[in-house]
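Presented below is the structure to which this report refers.
What follows is calculated from the coordinates using simple rules that are stated; it is not laboratory data. Predicted, not measured: the structure shown is a model, and the values here were computed from it. With ideal geometry, Cβ positions are generated from the backbone for all residues, glycine too; neighbour counts draw on all protein chains shown.
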Amino acid sequence: MFRSKTEMKIFCGSAHRQLAQRICAFVRVPLGDATVDSFPDGETFVKINENIRGRDVFLVQPTCPPTNQNLMELLIMVDAAKRASAARITAVIPFFGYARQDRKDQPRVPITAKLVANLLNAAGVDRVLTMDLHAQQVAGFFDIPVDHLYAAPVVIRHLRDKGFSSPVVVSPDVGGLKMADAYSQALGAGLAIVAKRRKSATEIEALNVIGEVEGREVIMVDDLTETAGTLCSAAKILHERGATKIIACVSHAVLSDLAIERLKKSFVSELITTNSVPVRSGDGFPITTLCIAELLGEAILRIHDDESVSSLFKISETEKV
């Protein structure tokens, strides 16, 4: 049986070693020694090079691109830890890949987010720590505890330091309205929404703006951008409606080459994101990356000590303007 006073061990795969190192620096625990490599045929090999019998093990691995490789690495690391008699295994997945495939919106398509949850459970994960799931119901796909954090406290603290004069928070689509509302309340800002139509996997058409943005500084908030189609299309119509400045804030910036090119040509003046995944250079476009190592590190400490994690995804009253 797991005992909360057992020793903590933190390991990582190859997806985001830098984030794992920063988490370890915050919690003052050395990053565990593990070999994660590939055979010539592409198969993943994992070996944990230290004793973890009876330990409380945390495996840090966002399932960002290459998604399948990073997911498989995580599953194999979990199996290695399980067979090495770890007392408890927590998968720390700052960015949960496949979360967008959370429902059957067409005939004969899978619910891949549920499949990934089943795979993690079958591999031997006892608990999941993640951040800003694309859809909150994904947490319910697991039959094990899920601690779902939010980047909002980190991002809002940064936005307050920028000293906006007349900000309005905008959701670039209907699905992000709840997140935008939380930001607008915390910042004491207005609220608006852009109605859009998806033309293809990489093309978005913005149709209308609901709310007042003329003469205002716009803060667009979203959980994820990959091709930046939604952000750039929304920025165009917001500019046409009189927005004076447009900043985009996303929790996970899984940026493709197409995204960088679109952002450079868009009306977005800056992209603010977190290091939940390795963030690439903007190639001249300003990208500000905020560190979430302390947020994840504090959650890891509280999980290890069997304390409440819920206060970490709230913005304290003393921080409100």
In debye to the nearest 20, how big a dipole does the stretch 104-216 give about its Cα centre with +1 on each Lys and Arg Cβ and -1 on each Asp and Glu Cβ? 180
For the stretch 268-276, Karplus-derived ³J(HN,Hα) couplings (6.51, -1.76, 1.60; θ = phi - 60°; whole Hz; x for glycine and proline) come out as 6, 8, 7, 10, 10, 9, 10, 8, 5
Relative contact order of the stretch 152-290 (C-alpha contacts under 8 Å, at least 6 apart) in percent is 20
So, in Å, what gap is there between the alpha-carbon centers of the stretch 25-70 and the stretch 218-253? 35
Given N residues in the stretch 152-290, what is its alpha carbon radius of gyration divided by 2.2 N^0.38 Å? 0.94
Interchain or long-range residues, amide H under 5 Å from Ile272's placed H: Ala248, Cys249, Val250, Thr288
Do any of Lys104/Lys264; Lys104/Lys265; Lys5/Lys82; Lys114/Lys265 go past 30 Å between their Cα atoms, and which? Lys104/Lys264; Lys104/Lys265; Lys114/Lys265
Relative contact order for the chain: what percent, with Cα pairs under 8 Å and sequence separation of 6 or more? 14
Simple Cβ-charge dipole of the stretch 23-174, Lys/Arg +1 and Asp/Glu -1, about Cα centre, in debye nearest 20: 360
Residue (of Cys64, Leu31, Val46) at the positive-pole extreme of the stretch 1-74, dipole from beta-carbon charges: Leu31
Determine which residues of the stretch 289-305 fall in the zone a paramagnetic label at Lys5 would reach in this model, i.e. backbone nitrogen under 18 Å from the point 7 Å along Cα→Cβ. 302-305
Within the stretch 152-290: Cβ-based charge dipole about Cα centre, in debye rounded to nearest 20 (Lys, Arg +1; Asp, Glu -1): 60
